[in-house]
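A short write-up of the structure that comes next.
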Amino acid sequence: MATHKQAVPPPTVFFGEEAFQPIDHTEVRWLGSGGMFVNTRGTCIMMDPMLKDFDMPLLIDMPIAPENIPHLDAVLITHCDNDHYSVPSLHAMEHVSKAFHGPHYVAELMQAEGFPANGHTIGDSFEIGPAKITLTPADHAWQNEKTKYNYRVFRLEDYCGFWIETPDGIIWAPGDSRLMKEHLEMPQPDVILFDFSDNEWHIGLEGAIQMANTYPEAHLILCHWGTVDAPDLNVFNADPQSLYDRVVNPERIHAYAPGQPFSLKKS
């Protein structure tokens, strides 16, 4: 029996073809879980879209069905966990995505599924339209603690975040990771897709607060919360109320609805 009550986001803001049209700025939408949709001047990118057929019950409606996505210039995948690398979602959108990118191991998994994936080393950069994307380090090799995954040794380079430089500012999605010193040594981003779940293989609440206060001007779009109906699993159970009185400039905390747009405009 569940012993905790989960925080949940506002009702989903559904979007469709209109969100993929050319615009004169950049829009960021949290997709639920650890997913993100970015439209930067008409170039459309999704990261870790878990939009259908997840193997646990959900608290939210997904803001778009993958079958309804009109086009994507790229799909980015941070790591192999199925709440980030959703094979059903990717198969449903593979005909509209021009490219798939991830760390080398994730790219190998995608290639085995038939996706035309590009593998990258941490620190590598590539361009998608006007966006320059760089893989940032992550520490999330929790599988090495589980005997069911002993078919290989999982390495740091199998996981990543994405640093996305757009004409309107920098979006950073650190990905699922324990806090690393590198995470506190980045330039000032404009937006962070902000994981604050208090789990030993994630940044953790204390680490999230430290990161937030290291980058006091960055907007924080909260992710990895309010999505999976698992009240006794701390990895899915973050509560935005834990942040407001401990984060510098708390007005930059955005506990958005899935699909709600955040506008990033060149100053």
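The values are calculated or read from the model by the stated rules, or taken from the named source; none is laboratory data. From a predicted model like this one, the values you see are computed outputs, not experimental measurements. Don't worry about glycine lacking a Cβ; one is built from the backbone with ideal geometry, like all the others, and counts go over all protein chains shown. Calculation scope for accessible area: heavy atoms of the full protein, side chains included, ligands and nucleic acids excluded. Shrake-Rupley method; radii C 1.70, N 1.55, O 1.52, S 1.80 Å.
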ask   = Normalised by the number of residues in the chain, what is the relative contact order in percent for Cα pairs under 8 Å and 6+ residues apart?
value = 23
request  = Mark the label point 7 Å from the Cα of Phe14 along Cα→Cβ and return the residues of region 59-77 whose backbone N is within less than 15 Å of it.
outcome  = 60-69
query = Considering only DSSP beta bridges with both partners in the chain, what is the antiparallel share in %, to the nearest 5?
reply = 60
ask   = Amide H to amide H, which residues 5 or more places from Leu51 or on other chains are under 5 Å from it, using H placed in the peptide plane?
value = Ser89
query = Each residue of region 89-100 in order: what ³J(HN,Hα) in whole Hz does its phi give by Karplus 6.51 cos²θ - 1.76 cosθ + 1.60, θ = phi - 60°, with x for Gly and Pro?
reply = 5, 5, 5, 6, 10, 4, 6, 10, 9, 6, 7, 10
request  = Heavy atoms only, probe 1.4 Å: what % of the accessible area of the chain goes to carbon and sulfur, would you let me know?
outcome  = 50
ask   = Size of region 49-173 along its principal axes in angstrom, Cα-based, largest extent first?
value = 43, 34, 29
ask   = Using 7 Å Cα-to-Cβ label points, what is the His71/Arg41 separation (nm, one decimal)?
value = 1.6
inquiry  = Test of the criteria: in region 204-267, which chymotrypsin sites (Phe, Trp or Tyr not before Pro) are in a DSSP loop and have at most 14 other Cβ atoms within 10 angstrom of their Cβ?
reply    = Tyr244
ask   = Using Cα pairs under 8 angstrom and six or more residues apart, how large is the relative contact order of region 1-62, in percent?
value = 28
ask   = Can you tell me the Rg and Dmax of region 162-232, counting just the alpha carbons, in angstroms?
value = 12.3, 41
note = In whole Hz, the Karplus estimates of ³J(HN,Hα) for region 233-243 (6.51, -1.76, 1.60; θ = phi - 60°; x where Gly or Pro) are 10, 5, 5, 10, 10, 5, 10, x, 5, 6, 9
inquiry  = Please list 3J(HN,Hα) in residue order for region 247-257, calculated via the Karplus relation 6.51 cos²θ - 1.76 cosθ + 1.60 where θ = phi - 60°; whole Hz, with x for glycine and proline.
reply    = 10, 4, 6, x, 5, 8, 7, 10, 8, 7, 6
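Using Cα pairs under 8 angstrom and six or more residues apart, how large is the relative contact order of region 82-166, in percent? Mind showing how you got there, number by number?
Numbers: 114 pairs, mean separation 20.9, N = 85.
Relative contact order here is 25 percent.
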query = Computed FRET efficiency, Cβ-Cβ of Ser242 and Asn144, R0 30 Å: what is it to the nearest 0.05?
reply = 0.55
message = Give me the 1.4 Å probe accessible area per residue for the chain, excluding ligands and nucleic acids, in Å².
response = 42
Other-chain or far-sequence residues with amide H under 5 Å of Cys223's (modelled H) = Phe194, Asp195, Phe196
ask   = Mind checking which of Val38, Val248, Val228 has the largest fluctuation in a GNM of the chain, springs on alpha carbons under 10 Å?
value = Val248
Amide hydrogen neighbours beyond the local backbone of Phe100, cut-off 5 Å, H modeled = Val75, Asn118
inquiry  = Normalised radius of gyration for region 114-267, please: alpha carbon Rg relative to 2.2 N^0.38 Å, two decimal places.
reply    = 1.08
query = Which lysines have a Cα lying under 27 Å from the Cα of Lys52, excluding residues fewer than 8 positions away in the same chain?
reply = Lys5, Lys98, Lys146, Lys148
